[in-house]
Structures are given as C-alpha cells and as structure tokens.
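The values are calculated or read from the model by the stated rules, or taken from the named source; none is laboratory data. Fair warning: this is a prediction, and the values are worked out from it, not measured in the lab. Ideal geometry is used to build each Cβ from the backbone, glycine not excepted, and the neighbour counts take in all protein chains shown. The accessibility values were calculated without ligands, DNA or RNA, using every heavy atom of the protein model including side chains. Shrake-Rupley method; radii C 1.70, N 1.55, O 1.52, S 1.80 Å.
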Amino acid sequence: QVQLVESGGGLVQPGGSLRLSCAASGSIFRPYIMGWYRQAPAKQRELVATITKSGTTNYADSVKGRFTISRDNAKNMGYLQMNSLKPEDTAVYYCNAKYTAGDYWGQGTQVTVSS
C-alpha cells in the first residue's frame, strides 16, 4: 500500500519561506505525477503545482514565480519550495501521487502565514 508523508509545514511571517517534503513508500514504481494541493478553511481543495516523472511542471497562477516544485526519483521524494509567502497561502497542504494503480494522498501539513 502506497503511503505519503508530508513534513515541513509551520508558522511563518509574510515574505518568508518554507520547504515542504513528501516521502513516498510502499511501491517499487515511481508515481508518474506528483503534486501539491492545498485547502484553506471553508474552501475547496485546489491545485498548487504538479511535476511529471520527467520533470515537466505546472503551477497555479496564484503561486507562479514564488513556489517551485521538484522531485527526487531516486529517493522517491517530492518537494515544494515556497518563497514570498502571503497570508492567503495559509492552508493545509497535501501531497498527491498518481500511479497507474491508483491515486494517493498524504495526511496534510499545516502552513500558516501570519505576522
């Protein structure tokens, strides 16, 4: 069974940075897409960024130029570098991994941007 474990969330001031990590385990295969999604209170979950196995990336307009998604296929890890954070980035961030066999989610990590 595939498991995804996020880490790296926390409290940061506006303009600050955080790096989220996602550790995938339970499969000998690598996900063909890894992604980050977020859900703020009383809002629907939304796409933040995705990256394919070959490194093609896609970003939500709201984070372009501030966030960078990456992955290390050898370590089966995904990352989200978040710079110039804004209060509206406050949310629970979820790692997602898409395999041929299914779609998996982590438990989420809280990111709070506040002074």
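How about segment 24-45: which of its residues are open to solvent by 80 Å² or more (accessible area, probe 1.4 Å) and without any contact (Cβ under 8 Å) to a residue 60 or more places away in the chain?
Hits for segment 24-45 are Ile28, Pro41, Ala42, Lys43, Gln44, Arg45.
List the strands (runs of 3 or more DSSP E) that sit entirely inside segment 36-115 and contain at least 2 residues that are closer than 20 Å to Gly26 by Cα and among the small types (Gly, Ala, Ser).
Passing ranges: none, list empty.
Being at pLDDT 95 or above and more than 10 Å from the chain's Cα centre (by Cα) is the filter here; which residues of segment 98-107 pass it?
Correct list: Tyr104, Trp105, Gln107.
Is it true that Val113 is among the β-branched types (Val, Ile, Thr), open to solvent by less than 70 Å² (accessible area, probe 1.4 Å) and touching a helix residue (DSSP H, G or I) at 6+ places or on another chain (Cβ under 6 Å)?
yes
Write out, first by first residue and then by second, each pair whose Cβ atoms fall under 8 Å of each other, whose residues are 6+ apart or on separate chains, and whose first residue, in segment 103-115, is under 14 Å from Gly15 (Cβ atoms) while the second is at pLDDT below 95 and not in a loop (DSSP other than H, G, I, E, B).
none
Does any residue of segment 51-70 turn out to be within 19 Å of Gly108 (Cβ to Cβ) and of a type in the set (D, E, K, R)?
no
Given the criteria surrounded by 15 or more Cβ atoms within 10 Å (Cβ to Cβ) and either aromatic (Phe, Trp, Tyr) or touching a residue at least 12 places away in the same chain (Cβ under 8 Å) (or both), does Ser21 qualify?
Considered against the rule, which asks whether it is surrounded by 15 or more Cβ atoms within 10 Å (Cβ to Cβ) and either aromatic (Phe, Trp, Tyr) or touching a residue at least 12 places away in the same chain (Cβ under 8 Å) (or both), Ser21 comes out as yes.
I'm trying to understand the selection: among the residues of segment 66-95, which are under 15 Å from Gly16 (Cβ atoms) and aliphatic (A, V, I, L, M)?
Passing the criteria: Leu80, Met82, Leu85.
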